[in-house]
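The values are calculated or read from the model by the stated rules, or taken from the named source; none is laboratory data. Bear in mind the structure is a predicted one, so any value in this text is a computation, not a measurement. The area values use the complete protein model at the heavy-atom level, side chains included, leaving out ligands, DNA and RNA. Shrake-Rupley method; radii C 1.70, N 1.55, O 1.52, S 1.80 Å.
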Amino acid sequence: MIAVADGRVPDVTAGRWVTQCALSRICGSCAESLGRPVAFLGTPAEVARNAFHLPPMHVACAEDLRRTPDADPTWQLTLTAGFEFVRPAREDEDRRPTFQPNSLL
């Protein structure tokens, strides 16, 4: 995984990091600006729902993350030109925000 500018390796599942990536349109792995396409990694269930918990990434960063020893072997790569950041409602059982691609490629 690539480190951000200050040398830290971001925890791509941490709540604050996920929100920062969404609001700043930065890669969840390397913290650089996102262009197009945007990549999301998700389980088959996340792909079927079109709602991802991991933040947006560059394609190369997502592919690198998928090859790490701690990666979920079921992760699938989804490419999009845009996405929505959806915060959970109070009544939602899953309290994590999601990313919902809106222009699948």
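Here are some notes:
- Taking the 1.4 Å solvent-accessible surface of segment 15-101 as the whole, the part contributed by carbon and sulfur is 48%.
- Quotient of the Cα radius of gyration of segment 15-101 and 2.2 N^0.38 Å, N being its number of residues: 1.02.
- The residues of segment 15-101 present an accessible area of 54 Å² per residue when probed at 1.4 Å with all protein chains retained.
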